[in-house]
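Read the figures in this text as sums done on the coordinates, not as results from a lab. On a predicted model such as this, the values are computed, not experimentally measured, just so you know. Cβ coordinates were reconstructed from backbone atoms using ideal geometry, including for glycine residues, and neighbour counts include every protein chain displayed.
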Amino acid sequence: MIEVVNPETTRLGWIGTGVMGASMCGHLMDAGFRMTVHSRTRSKADGLIERGAVWAESPRAVAEKSDVVFSIVGFPEDVQEVILGEDGVLAGLREGGVVVDMTTSRPSLARDIHAAAAQRGIAAVDAPVSGGDVGAKNGTLSIMIGGDEQVVQALQPCWDAMGQTIVYQGPAGAGQDTKMVNQILIATGMIGVCEALLYGWRAGLDLETVLKSVSSGAAGSWSLTHLGPRIIQNNFDPGFFVEHFIKDMGIALDECRRMGLSMPGLALGHQLYQAVRAQGHGRDGTHALQLALAQLSGIDWTAR
């Protein structure tokens, strides 16, 4: 049985220091853990290195210096390379180690990683998150976890450092399946947020005043509260990239086809976000959907 991790005896590794990963890794360092880091773009890890993290040249090199390795990268193919690749985490992690993938990825890949890790005497956990850049910075993420329950419990100090809502969902892949539920909710919810603000503007209302009325009632949502003001201010900086959200919806649609589910709302959201990316906003935040919806009505949202 794995012992509960602690800063005195547990060495952590972190792979992926992008919009969310850098903050999440930083919270673990704030909790006192020694950290080895790797990122595709080294400059994105500079802040962590300045705070005492040790740079490693590859995921395998991170694993060789760690007891528990966390990863949060872009796409399932990145996860496969980082964890299962020839120079990946499983090639370097010792028997009894743990790999935790926090990327939103395919549930089937999470199960494959779990099986491959088990053959080497390594535990694998899938723990995708929700809350965007704000949740990552504030340490208030929702963390959805799949894997062996005893391992998950042993990592509790790490979950506590990064998140606020921490829920064990079941065996390997269950965390990723739960994240698909989350993304399906967001896909159609963002359409409602953007269409409502577009209507309010066309009706001549002051949108900030409108938010005071609607965000605390039955129409309220995280997206409206946190992204609505950004939309009004024409701030489309990414808390979560459009291109990554398209990836997530594609995974969800693939799972729906496998399960024989018809999801017209999700399919519509996927198509609309394809338009957002085609308009050059793939590296903007998911709330950039507003720009594509406005364009359908011949409106330049940023010039209003």
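Using bins of 20 Å that start at zero, the share of Cα-Cα pairs per bin across the chain amounts to 34, 54, 13, 0, in whole %. For ARG11, the amide hydrogen comes within under 5 Å of the amide hydrogens of ASP67, VAL68, counting only partners 5 or more places away or on other chains and with H modelled in the peptide plane. Under a model in which nothing but the beta-carbon of Lys, Arg (+1) and Asp, Glu (-1) is charged, the chain shows a dipole of about 500 debye around its Cα centre.
Taking the DSSP beta bridges in the range 11-172 as the whole, what percent of them are antiparallel, to the nearest 5? If you can, show how the numbers build up before the last one.
Details: 3 of 28 bridges.
Looking only at bridges with both residues in the range 11-172, the antiparallel portion is about 10 percent.
With Cα atoms defining each centre, the range 27-84 and the range 129-176 are spaced 18 Å apart in the structure.
What is the Å³ per residue value for the convex hull set by the Cα atoms of the range 178-303? Spell out each step's value before the answer.
Values: hull volume 13.5 nm³, N = 126.
Spelled out: Cα convex hull of the range 178-303, divided by residues, is 107 Å³.
Of the three principal axes defined by the Cα atoms of the range 46-101, the extents in descending order read 29, 27, 17 Å. For the chain, the number of Lys pairs with C-alpha atoms closer than 21 Å, counting only pairs eight or more positions apart or on separate chains, is 4.
Projecting the Cα atoms of GLY16, GLY250, GLN150 onto the charge dipole of the chain (Cβ charges, centred on the Cα centre) puts GLY250 farthest toward the positive pole. Using a 10 angstrom cutoff on alpha carbons, build the Gaussian network for the chain and name the most mobile of GLY200, GLY285, GLY189. Per the Cα network of the chain with a 10 Å cutoff, GLY200 tops the list. Based on alpha carbons, the Rg and Dmax found for the range 11-172 are 13.8, 37 Å. For the chain, set up a GNM with springs between Cα atoms under 10 Å and report which of ALA124, ALA115, ALA219 has the largest fluctuation. For the chain, modelled as a Gaussian network with Cα springs under 10 Å, the answer is ALA219.
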